[in-house]
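Written below as structure tokens is the structure these notes are about.
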């Protein structure tokens, strides 16, 4: 049996977690004040996020599924959810008292703010599995300090400065999170290289299979899904490891395979284009010339 819990209203969410509402569109929550979760006959709870929700958990409250995969979400990690997303918490083996902190804000709060214009730049809101933010002790202190500063502003009487100061503090907090994710890409270098090696294998297998003819050109979304990663996280990882965007990397790899086919095969340009997954041969010719400087025909002719 699965329960559905929608997070759409700051006041209601505060009430559910034994917190006073200080602002109608923003809240900072200390989950240790919440009641112990009573599961009853429920096997899982589906959370439907109607607001931006950022959690720093100090205890594991059950396994979290995002889509088809499990979230790398242990005690001491952070997770980020944006409006429209859904996650499922599976029933733990024993009742647990929630612990940790949350920053929740409604998208309406962003209207007319600099953060509202920049919120799409924080790609970690679209990260999915194996992608939680793992904090060092110093980073955790910085996060808690950021929460405290936001809560301090929430406790002040609302005036003409309130929205700007709260939004600025949230934006600064998100900038720190971006820095910490960049650090995580570095410190998890061995993990990242393992993912890159898997990606290379999948890509080679892709071009030696019927996928180009049945699916089309290799896409970022396809390989991200194969590696159980979100497209944004996968793209950021590839950029970090190779210096190229994932799209550029795939295009360059496609051209390398194209060169091999042009050099080793007597097939026509059109046949090779379709074998690689191009829907229209002229698109193949355009990309090839853009990357190589000559057309596929010129390249094939000059091989001799």
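Observations on the structure shown:
- By the Stokes-Einstein formula, at 0.692 mPa s and 37 °C, the chain with its Kirkwood radius over alpha-carbon pairs has D equal to 149 µm²/s.
- Applying 0.36 nm per residue to the separation of residue 179 and residue 248 and subtracting their alpha-carbon distance, the gain on full extension is 22.4 nm.
- Share, in percent, of DSSP beta bridges within the chain that are antiparallel, nearest 5: 80 percent
- Normalised convex hull volume, the range 209-259, alpha-carbon set, Å³ per residue: 77 Å³
- Model label points for residue 148 and residue 107, set 7 angstrom from Cα along the Cα-to-Cβ axis, are 3.4 nm apart.
- Helix 231-242 axis, angle to the chain major axis (alpha carbon atoms, nearest 10°): 60 degrees
- Percent of alpha-carbon pairs separated by more than 28 Å within the range 158-302: 37 percent
- Inverting the pair-averaged 1/r between distinct Cα atoms of the range 229-295 gives 12.9 Å as its Kirkwood hydrodynamic radius.
- Convex hull volume per residue, computed on the Cα atoms of the range 130-231, equals 121 Å³.
- Over the chain, DSSP H runs of length four or greater, each weighted -39,500 (n - 2.57), average out per residue to a 222 nm ellipticity of -14500 deg cm²/dmol.
- Translational diffusion of the range 9-55 was estimated from the Stokes-Einstein equation, with Rh taken as the Kirkwood radius over Cα pairs; at 10 °C and 1.306 mPa s the coefficient is 131 µm²/s.
- The chain: relative contact order as a whole-number percent, Cα under 8 Å and 6+ apart: 14 percent
None of the figures in this text is laboratory data; all of them are computed from the coordinates on show. Since the structure is predicted, the reported quantities are computational estimates derived from the model, not experimental observations. Using ideal geometry, Cβ is built from the backbone for each residue, glycine included, and neighbour counts are taken over all protein chains shown.
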